[in-house]
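The values are calculated or read from the model by the stated rules, or taken from the named source; none is laboratory data. From a predicted model like this one, the values you see are computed outputs, not experimental measurements. Cβ sites come from the backbone with ideal geometry, for glycine too, and all protein chains shown count toward neighbours. The accessibility values were calculated without ligands, DNA or RNA, using every heavy atom of the protein model including side chains. Shrake-Rupley method; radii C 1.70, N 1.55, O 1.52, S 1.80 Å.
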Amino acid sequence: MKNEHTICGLIRKRAEIASHIEHLQTEFRKAISDPDHVDKAIHLFDSSVELAGR
């Protein structure tokens, strides 16, 4: 098949990009939930603390 090497390389690159996107989405979801976890820890020590943006 003509251009088989090029096509295989592009398919590999696409898979690499898709994997990177999945990793970034996982990191993004974690980053969104981290402040909530810290907020809960703060309230364990002092439930009267008012946090900005809440």
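Can you tell me how much longer the chain between residue 51 and residue 1 gets when fully stretched, taken as 0.36 nm per residue apart minus their C-alpha distance, in nm with one decimal?
Numbers: separation 50, 0.36 × 50 = 18.00 nm, distance 6.24 nm.
Here the answer is 11.8 nm.
With only Lys, Arg, Asp and Glu charged, each at its Cβ (+1 for the first two, -1 for the last two), find how big the charge dipole of the chain is about the Cα centre; round to the nearest 20 debye.
480 debye
Ordering 5, 23, 43 from largest to smallest accessible area (1.4 angstrom probe), what's the sequence? Before the final figure, lay out the partial values.
Working: 5 150, 23 100, 43 70 Å².
Putting 5, 23, 43 in descending order of accessible area: 5, 23, 43.
Using a 1.4 Å probe, what is the accessible area per residue for the chain, in Å²? If you can, show how the numbers build up before the last one.
Numbers: 5190 Å² over 54 residues.
Accessible area per residue, the chain: 96 Å².
Roughly what angle does helix 4-45 make with the longest principal axis of the chain, taking Cα atoms, 0 to 90 degrees, to the nearest 10?
Tilt relative to the chain: about 0 degrees.
Would you mind computing the Rg to Rh ratio of the chain from its alpha-carbon coordinates, Kirkwood style for Rh? Intermediate results must be reported in sequence, preceding the final value.
On the way: Rg = 21.8 Å, Rh = 14.7 Å.
A ratio of 1.48.
For the chain, build the charge dipole from Cβ charges (+1 Lys, Arg; -1 Asp, Glu) around the Cα centre, then report which of 35, 11, 1 sits farthest towards its positive end.
My answer, from the dipole projection, is 1.
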